[in-house]
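K.L.:
For reference, the structure I am asking about is given below.
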Amino acid sequence: MLTIWGRGSSYNVQKVLWLADELALDYIHRPAGGEDGGLDSPEFLAMNPNGRIPVIQDGDSVVWETHSILRYLAAAHGNDDFRRTTPAAQSLVDRWLDWSLSELEPAFFSGVFWGFYRTPGDQHDDAAIERSLAKCDRLYRRLDSRLGETPFLSGDQLGLADIPAGTTLYRYFELEIPRPTLPNVEAWYQRLQARPAYQQHVMRPFGELYGRLAY
C-alpha cells in the first residue's frame, strides 16, 4: 500500500496526489504539516531528515523531494504516457520538470504567491512583486508557445511534464493579478479542469493561506 504524507493545501503535496490519482493508485493520504504537525516527530524524521512534505512510502521504499517522488511514481507505476521508453523522450519530460522547479515555481510561488498573497499587505515589497510578475509573464508566454504545438506539455496526452506547471494554474488564474493573454495556456487549463483528479486535488480553496507567512 502506498502512503502519502502531507497537507492537502500544500502545492507540492497536490502534485503528488494528482499524479497518484491519474495513475489510479491505491493509497492512503496521511495529513502532515501545518495544523496537523508531526514533521518534527522521530518517526517522520526517520523517513525524511529534512522534516518536510511530501513523503511517500511504497512498500519498502521511502521517497522524499517532490519531483523525485513524481519520477518514482511514474517509473514504478506509470503507463507509456507517464513513463517514456527512450532517453530522448524522457529528456523532454525531465527538462520541463526541471524548468518548472528552477524557473516557474520560484517566480510564481516564491515571488508572487508568497510575496503578494501570503505576505500581509503592510509587509509587501511592491517592487519585488512587480519583478516577479514580469518574470511570470515571460515564463507563461514560454509555456503558451510550447502549448501552441501540442495540447499538453507532455505531448498529445497528459503526462508527467504537465503535473508541476499544471498545478500552478489554479492559483495563477484565481489571484487578482495582471496576466498576459495566454490562449494556449488557457485552453490547456480548461483541459486540466475537466479531469476529476485535478478538480479534487488542485482546485482547492486556499483562503486559509492569505496573509499567513507561517504554516
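K.L.:
Rounded to whole Å, give me the distance from the Cα center of region 8-26 to that of region 76-148.
P.N.:
When both Cα centres are located, 18 Å separates them.
K.L.:
Rg and Dmax in Å for the chain, alpha carbons only: what are they?
P.N.:
Cα radius of gyration and Dmax of the chain are 17.2, 51 Å respectively.
K.L.:
What is the Cα radius of gyration of region 17-60 over 2.2 N^0.38 Å, N being its residue count?
P.N.:
1.26
K.L.:
Another question, if that's okay. Compute the whole-percent fraction of alpha carbon pairs in region 142-215 spaced more than 17 Å apart.
P.N.:
It works out to 47 percent of all Cα pairs.
K.L.:
Further question on the same structure: With a 10 Å Cβ neighbour count serving as the proxy for reagent exposure, in which order, fewest first, do THR150, THR181 appear?
P.N.:
In increasing order of surrounding Cβ atoms, one gets THR181, THR150.
K.L.:
Provide the percentage of antiparallel DSSP beta bridges, counting only those with both residues in the chain; round to the nearest 5.
P.N.:
Of all bridge pairs located within the chain, approximately 70 percent are antiparallel.
K.L.:
Which value results when the Cα radius of gyration for region 2-77 is divided by 2.2 N^0.38 Å?
P.N.:
0.99
K.L.:
What are the extents of the Cα atoms of region 87-202 along their three principal axes, in Å, largest first?
P.N.:
Principal extents (Cα only, largest first): 47, 29, 24 Å.
K.L.:
Can you tell me the FRET efficiency between PHE173 and ASP122 if r is taken as the Cβ-Cβ distance and R0 is 30 Å, rounded to the nearest 0.05?
P.N.:
E(calc), rounded to 0.05, equals 0.70.
K.L.:
Taking the Cα centre of the chain as origin, sum charge times position over the Cβ atoms of Lys and Arg (+1) and Asp and Glu (-1), and report the length of that vector in debye to the nearest 20.
P.N.:
320 debye
Every number in this text was worked out from the coordinates using simple rules, so none of it is lab data. Since we're looking at a predicted model, the values are computed, not measured. Cβ atoms come from the backbone with ideal geometry, glycine included; neighbour counts cover every protein chain shown.
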